[in-house]
Amino acid sequence: MAEFFDPHHQGSRSRDRERPKRWAEFRTTVKHRWLLPLLFVDWVSEWAAYWLSGLSFLELLEHLGRFSLLIAVIFYFIEAPERTKMKHYQAWQVINSAQGKGGSGGRIEALQELNHDHVSLLGVDVSDAFLQGVDLHDADLSRADFSSADMRNANLSGTKLEEADMRWTNLVNGDLSGADLNGTNLEEADLDGADLAGVKNWRSVASVKDLSIAGVRNAPEGFVDWAVKHGAVQSEAATQPAPVVKTRS
């Protein structure tokens, strides 16, 4: 009787092919050691053929897809430091290229991004910049140049402002709580309504000549008198004592 072709039977036979030997067993059959490198390639190919013989084409594609995804994830994490460096480099480019120009020019976002990644902003030059509402809390701004910058409502709490140039800087309603003012030049700056709670080394400020301190909030004890004595300007309303309200007994 004629035999009929059965593809399923053929597939099962291909799956039942003999399992290749382990390398430790395979190498013992080699008589000449100089043939080992060539026979190793043949052994790897034999194992690959054995493994692939048990997979359908779609299964093979699925495994390759998973493998490719795993490789992509591995390379993503390997390249993460380089991407971070490039991001910081671009942020510095924005800050430096915008110097001397009006408006923010992207400097607010660039400064905040660098500070968020704990990059030191020591010596940064953002003079004449429009930086309203910028958040640079706990940043290292030593020797930074903020002269003539518009920094109304800025958050500079906990910042290190040692020897920073803040002449003519508009810091109205800014938050300088806990900031280190050692050597900071505040000549003709505007601190109207600023929060000065816990500011450090305020007696070591380089200059407060014509500094406006009208309505400063939470100023350390003795700060206002010391600042006025050294040339700061305070509004009349702020210098007058609060009226005493008499009550009938």
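The values are calculated or read from the model by the stated rules, or taken from the named source; none is laboratory data. As the structure is a computational prediction, the values presented were derived from the model and not from experiment. When we count neighbours, we look across all protein chains shown, and the Cβ atoms used for this are built from the backbone with ideal geometry, even at glycine. Side chains are part of the model used for accessible areas, which takes the heavy atoms of the whole protein and leaves out ligands, DNA and RNA. Shrake-Rupley method; radii C 1.70, N 1.55, O 1.52, S 1.80 Å.
Probe 1.4 Å, all protein chains in place: accessible area of D128 in Å², nearest 10?
90
Applying 1/(1 + (r/R0)^6) with R0 = 22 Å to the Cβ-Cβ distance of D135 and E163, what FRET efficiency is obtained, to the nearest 0.05?
Details: r = 22 Å, r/R0 = 1.01.
After rounding to 0.05, the efficiency reads 0.50.
With labels modelled as points extended 7 Å from the Cα through the Cβ direction, what inter-label distance (nm, one decimal) is found for L36 paired with K200?
Taking the two extended label points, one gets 6.4 nm.
At 0.36 nm per residue, and after removing the present C-alpha to C-alpha distance, how many nm does the segment from L122 to A48 gain when stretched out fully? Before the final figure, lay out the partial values.
Details: separation 74, 0.36 × 74 = 26.64 nm, distance 5.76 nm.
Full extension from L122 to A48 adds 20.9 nm.
Using a 1.4 angstrom probe on the protein heavy atoms only, could you order K87, K21 from most to least accessible area?
Numbers: K87 75, K21 105 Å².
Per-residue accessible area, sorted high to low, gives K21, K87.
May I ask you to give the solvent-accessible area per residue for the range 106-212, in square angstrom, as obtained with a 1.4 angstrom probe? Don't skip to the end; give the middle numbers.
Details: 4120 Å² over 107 residues.
Heavy-atom SASA per residue in the range 106-212 reads 38 Å².
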